[in-house]
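The values are calculated or read from the model by the stated rules, or taken from the named source; none is laboratory data. Note that the structure is a prediction, hence the values are computed from the model and not measured. Glycine gets a Cβ as well: all are built from the backbone with ideal geometry, and neighbour counts include every protein chain shown.
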Amino acid sequence: MKKQVLLAGVLLFSVFTWAQKKEIRKADKALEDLNYNEAMAFLAQAEPLLGSADKDLKAHYYLVEAEVLMGQANKVDGAKLKKAAESLLKAEGLNGDSKMEDRMAQVKEKLRIELVNSAIADQNTKSYESAANKLKEAYNISKKDTSYLYFAAGNLVNGKKFDEALGIYEELIGMGYTGVQDEYVATNKETGELATFGSKAERDNAIKFGLYINALDRKSESVEADLLQKVTLIYINKGDNEKALSVMEKARAANPDDVNLMRSEADLAYKMGDMTKYNRVMNEVIKTDPNNPELYYNLGVGAAQLGEKEKARSYYMKALEIKPDYSFAQINMAALILEGESVIVEEMNGLGNSRADNARYDELKEKRQNMYREAMPYLEKASASTPDNAEIIRTLMNIYSQVGEDAKFKATKAKLEALEGN
């Protein structure tokens with residue numbers, strides 16, 4: 001009796017297995033005909049019996065499911081592409097049939113390309129989180145392509161998902177990721193432009209066909225500095241200055257001559273209020289680009305915040321020497337000159353009516369007007385550089401009023417009214 005029960009069980013198992021194979025073959029045929037919904041319907045009929053199937057049959061099922069989902073996704077549906085990636089990984093983990101290896105490799109490559117291209121399309125439309133998710137899936141099916149994680153984190157930063165981005169960046173740091181890769185380059189024979197190929201064989205074939213010349217093998221630039229810089233900025237954004245400092249120290253030690261890192265270190269010092277360090281690092285930056293007016297302007301800001309007025313003045317003057325129409329330096333130069341005005345006005349308002357007080361008042365008034373006259377040319381040039389800046393025009397109008405420049409006062413008053421629509 002027991003043997004009969006066992007035999008019935010074996011027969012039942014055989015029927016189930018045969019039914020599964022039949023439905024999966026039908027799904028495969030529908031897939032060939034691009035009938036994705038029909039193929040999915042056949043797979044749905046096979047799925048309840050999947051638990052009793054052997055590994056190879058399960059692998060076949062998940063491989064077909066991955067291909068059907070890719071077809072349904074039509075290169076844009078992120079949820080279906082994600083599910084396709086999950087099915088493909090299941091198939092890969094179960095597969096023991098060497099006959100399926102080529103097909104699986106082709107599906108894997110096709111899905112990787114579709115995920116990356118769809119991520120690029122999302123990135124171009126500023127759908128950053130969707131782009132990041134697709135790039136993470138591309139990495140999951142091709143772990144050797146670590147750069148997908150790096151670009152996924154970049155999209156998360158753009159999408160303001162800083163904690164998620166930080167997790168990926170820290171994972172990359174733990175891997176020792178630098179982004180350095182072999183690059184296979186050749187010169188386009190017709191345009192003379194350099195082109196980078198996906199593989200050495202692809203590059204060599206292009207040269208063989210006479211389309212390219214001058215083969216060159218090289219290494220891509222390291223992105224380690226950029227990675228560490230972004231981690232630092234995320235920590236700053238989170239208010240964790242101590243961790244930001246720790247990462248920045250590591251970054252600078254690994255890349256002492258990297259100008260972007262120097263600037264980031266200066267930014268970090270500025271945000272933390274360490275203006276002494278800010279000025280020191282900015283001087284390092286200037287050595288790398290001595291004709292950059294922005295750098296001298298930034299040093300001027302730092303010196304002004306430290307109360308080093310003469311240093312600030314010399315930095316602003318240097319910026320204007322390089323770029324005479326640099327409005328920010330012009331405005332800050334005028335602000336530096338006018339810095340003591342409030343103290344003068346306060347003293348003037350506190351004076352009495354004695355002869356000595358009147359004499360002191362006239363002295364302070366002259367000092368104030370000289371201050372205005374010194375600041376005026378900088379504000380006039382700033383206004384010429386930025387003609388729609390109402391605050392500069394208003395300041396100039398008030399100065400003209402104080403120094404008795406009536407014609408200029410009326411002109412700036414009219415300009416201000418026109419600008420503000422009065």
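Does Leu166 count as closer than 30 Å to Tyr235 by Cβ and in a helix (DSSP H, G or I)?
Yes, satisfied.
Hey, can you tell me all the residues within segment 42-95 that are under 30 Å from the mean Cα position of the chain (by Cα) and buried (at least 22 other Cβ atoms within 10 Å of the Cβ)?
Hits for segment 42-95 are Met70, Leu81, Ala84, Ala85.
Can you work out which of the residues in segment 105-121 that are touching a residue at least 40 places away in the same chain (Cβ under 8 Å) and surrounded by 18 or more Cβ atoms within 10 Å (Cβ to Cβ) is farthest from Ala165 (Cα to Cα)? Even if it seems obvious, please write down each step before you answer.
Residues of segment 105-121 that are touching a residue at least 40 places away in the same chain (Cβ under 8 Å), as a first pass: 107, 110-111, 114, 117-118, 121.
Next cut, surrounded by 18 or more Cβ atoms within 10 Å (Cβ to Cβ) only: 107, 111, 114, 118.
Working: Val107: 29, Leu111: 24, Glu114: 23, Ser118: 20 Å.
The residue in question is Val107.
Filter segment 140-149 down to the residues that are touching a helix residue (DSSP H, G or I) at 6+ places or on another chain (Cβ under 7 Å) and either surrounded by fewer than 22 Cβ atoms within 10 Å (Cβ to Cβ) or not in a helix (DSSP H, G or I) (or both) and list them by number.
At the first step, the residues of segment 140-149 found to be touching a helix residue (DSSP H, G or I) at 6+ places or on another chain (Cβ under 7 Å) are 140-142, 145-146, 148-149.
Within segment 140-149, Asn140, Ile141, Ser142, Asp145, Thr146 qualify.
Looking at the structure I just gave you, is Ala186 part of a helix (DSSP H, G or I), touching a Phe, Trp or Tyr at 6+ places or on another chain (Cβ under 7 Å) and in contact (Cβ under 8 Å) with a residue 12 or more places away in the chain?
On the way: part of a helix (DSSP H, G or I): no; touching a Phe, Trp or Tyr at 6+ places or on another chain (Cβ under 7 Å): yes; in contact (Cβ under 8 Å) with a residue 12 or more places away in the chain: yes.
No, not satisfied.
Go over the candidates Glu193, Glu249, Glu224 one by one and state the one that is touching a Ser or Thr at 6+ places or on another chain (Cβ under 8 Å), closer than 30 Å to Gly174 by Cβ and of a type outside the set (Lys, Arg).
Details: Glu193 fails: closer than 30 Å to Gly174 by Cβ; Glu249 fails: touching a Ser or Thr at 6+ places or on another chain (Cβ under 8 Å).
After applying the criteria, what remains is Glu224.
Go through segment 184-216 and count every residue that is crowded, with 16+ Cβ neighbours inside 10 Å and of a type in the set (D, E, K, R).
1
State whether the residues of segment 350-366 include one that is aromatic (Phe, Trp, Tyr), out of contact with any Lys or Arg (no Cβ under 6 Å at 6 or more places or on another chain), under 16 Å from Gln402 (Cβ atoms) and surrounded by 13 or more Cβ atoms within 10 Å (Cβ to Cβ). Working first, answer last.
Kept after step one, since they are aromatic (Phe, Trp, Tyr), are these residues of segment 350-366: 361.
Those left that are additionally out of contact with any Lys or Arg (no Cβ under 6 Å at 6 or more places or on another chain): 361.
Adding the requirement that they be under 16 Å from Gln402 (Cβ atoms) leaves 361.
Now narrow it down to the ones that are surrounded by 13 or more Cβ atoms within 10 Å (Cβ to Cβ): 361.
Within segment 350-366, one or more residues are aromatic (Phe, Trp, Tyr), out of contact with any Lys or Arg (no Cβ under 6 Å at 6 or more places or on another chain), under 16 Å from Gln402 (Cβ atoms) and surrounded by 13 or more Cβ atoms within 10 Å (Cβ to Cβ).
From the list Tyr139, Tyr212, exactly one residue is in contact with a strand residue (DSSP E or B) (Cβ under 7 Å, 6 or more places away or on another chain) and farther than 29 Å from Met262 by Cβ. Which is it? Write out each step before concluding.
Details: Tyr139 fails: in contact with a strand residue (DSSP E or B) (Cβ under 7 Å, 6 or more places away or on another chain).
Exactly one of Tyr139, Tyr212 is in contact with a strand residue (DSSP E or B) (Cβ under 7 Å, 6 or more places away or on another chain) and farther than 29 Å from Met262 by Cβ, namely Tyr212.
Can you confirm whether Lys219 is surrounded by 15 or more Cβ atoms within 10 Å (Cβ to Cβ) and among the basic types (Lys, Arg)? It would help to see each step written out before you state the result.
Details: surrounded by 15 or more Cβ atoms within 10 Å (Cβ to Cβ): no; among the basic types (Lys, Arg): yes.
So Lys219 does not fit the description; no.
Enumerate the helices (runs of 4 or more DSSP H) found wholly within segment 204-304, keeping only those where 3 or more residues are over 30 Å from Met317 (Cβ atoms) and small (Gly, Ala, Ser).
Working: elements: 224-237, 241-254, 259-271, 275-288.
Counting at least 3 such residues, we get 241-254.
Identify all residues within segment 114-135 that are in a helix (DSSP H, G or I) and among the basic types (Lys, Arg); write none if there are none. If you could, list the steps in order and put the result at the bottom.
First, the residues of segment 114-135 that are in a helix (DSSP H, G or I): 114-124, 128-135.
If the condition is that a residue be in a helix (DSSP H, G or I) and among the basic types (Lys, Arg), then Lys134 is the only one that fits.
Given (1) at pLDDT 80 or above; (2) outside the structural domain of Gly340 (by TED's automatic domain parsing); (3) of a type outside the set (S, T, N, Q), where does Ala225 come up short, assuming only one miss?
So the condition that Ala225 fails would be (1).
Looking at segment 232-261, which of the residues that are touching an Asp or Glu at 6+ places or on another chain (Cβ under 7 Å) and modelled with pLDDT of 80 or more is nearest to Tyr184 (Cα to Cα)?
Looking at the filtered set, the residue picked out is Arg252.
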